[in-house]
Amino acid sequence: MNKTLRGVAIIGAGTAGALAANQLSAAGLDCCIVEKSRGLGGRCSRRRVLDYISVDIGAPHFSIPFDEHPILIANMNQWLRSGYLTEWLFTTGEFESQSLPVKKIELCGTPSMNAFHRHLAAGVDCLTQRHVHKLSRVNNYWQLLDQQGQLIVEAKAVIVTAPAEQTYNLVALHDLMSKGHQPGQHDLINNPVLSAAEASLPQYICAVTFDQPQTQLLDLYCGEHPVFSKAIRANSKFNHSNSMDHQTPEVWILHSTHSWAQQQQHKDAQSVAEDMARLFCQHFNTSQAKVITSHYWRLANHDHKAIKRSFEGHKPENQPFIWNNTLKLGCCADWLAGGGVAGALSSSQHLCNHITSQLTQEV
Ligand SMILES: Cc1cc2nc3c(=O)[nH]c(=O)nc-3n(C[C@H](O)[C@H](O)[C@H](O)COP(=O)(O)OP(=O)(O)OC[C@H]3O[C@@H](n4cnc5c(N)ncnc54)[C@H](O)[C@@H]3O)c2cc1C
């Protein structure tokens with residue numbers, strides 16, 4: 001076999017892509033992942049700060065509903081037993097409320113969220129820093145092409161796990177149509193032109209450090225606040241995974257609300273982060289915090305009408321993925337299943353269950 005010809009090419013090494021690689025390769029399929037950034041994790045990425053610790057600058061934790069797919073629940077239990085996921089016990093309260101703190105448990109990767117992704121995709125070839133710019137159908141195979149039109153890899157089946165607007169650009173299938181197919185005949189989605197502004201929402205995130213432990217604060221704050229959607233004492237997660245000792249300075253991760261982020265978009269990321277640090281300290285009346293890293297994200301706006309309309313006629317309402325068996329082309333991602341890490345896992349698990357037996361016979 002030509003070494004660039006694979007059974008299944010998975011575009012994206014985030015949660016949905018890593019789980020698809022895990023499930024399909026376990027079923028014996030020849031898979032590879034093509035990822036545009038430097039590593040695995042997608043929006044569960046981490047960043048090294050203070051030279052010696054890493055913090056989650058994407059999703060910090062998640063939970064799986066009890067009524068999720070039984071295979072996913074069984075896998076979750078297995079990953080917990082193996083130590084790739086851990087139960088994080090934390091105290092939490094609301095920014096604006098004086099109500100008593102509660103204790104909660106959520107799941108997180110150890111020592112960081114993307115370590116879980118590295119485990120899922122272990123043993124699967126992952127071509128990083130390769131941006132798939134175009135999908136082209138040639139002789140019943142898919143060619144994944146980069147911006148210069150160079151072939152990255154050729155595959156019999158393709159699964160796209162990118163965020164909505166990037167997926168829409170890839171699966172628009174203009175190329176297919178120009179080769180004589182009738183528009184609509186092979187579409188995966190209606191109206192594939194979707195702007196980033198429609199499909200996603202902005203969010204700023206920053207990590208700040210304090211000289212002194214803020215023992216008066218809980219581990220996590222959420223709830224109504226004009227600036228913050230969430231604030232997390234990162235040390236409470238590190239301590240849990242035993243990767244930090246008591247001498248490590250206290251690190252907090254601050255997440256903005258979408259509406260506040262929207263108002264800040266004319267400013268540079270560093271000054272937005274400085275504002276967040278200042279407003280956090282003011283809110284809790286703490287000593288000054290120092291910004292150590294910041295990031296600007298766009299999150300899937302899965303509730304958007306344009307996204308919902310685009311599925312009509314292409315998938316049953318409750319099906320959390322898209323698959324066209326004639327084309328051997330499909331999509332799974334958080335935006336197809338209600339958002340979040342749980343949505344990405346659910347979408348990917350359902351797609352894999354749907355296609356594994358077909359693909360093992362045909363690919
Ligand atoms: C700041 C922040 C906080 C969050 N908090 C939470 C939380 O508390 N709980 C929760 O459950 N969720 C949370 N989320 C959401 C969660 O991170 C996402 O829902 C989930 O990670 C999405 O996974 P995914 O696989 O669908 O997409 P992604 O993680 O976005 O993965 C898609 C991958 O595809 C790659 N890609 C895209 N286009 C191409 C291309 N053309 N070629 C090659 N590669 C491509 C991308 O680089 C990316 O790695 C948060 C997200 C952020 C950013």
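Each value in this text was obtained by applying a stated rule to the coordinates, not by laboratory testing. In this text the structure is predicted, and so the values were computed from the model without any measurement. Cβ placement follows ideal geometry from the backbone for every residue including glycine, while neighbour counts extend to all protein chains displayed.
Numbers below:
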read-out	value
Cα gyration tensor shape for region 1-144, rounded if a/c is under 1.5, else prolate or oblate	prolate
Taking region 1-137 and dividing mean pair separation by its residue count, relative contact order in percent (alpha carbons under 8 Å, at least six apart)	32
Cα-based Kirkwood hydrodynamic radius, region 1-63, one decimal, Å	13.3
Translational diffusion of region 99-164, µm² s⁻¹ [Kirkwood Rh, Cα pairs; Stokes-Einstein; 4 °C; 1.567 mPa s]	85
Region 33-79 - percent relative contact order, Cα under 8 Å, separation 6 or more	23
T91-Q262 FRET efficiency (beta carbon distance; Förster radius 25 Å; 0.05 resolution)	0.20
Alpha carbon centroid spacing (whole Å) that separates region 214-231 from region 272-301	11
Residue-span extension gain [E317 to Q147] - 0.36 nm each, minus C-alpha spacing	57.8 nm
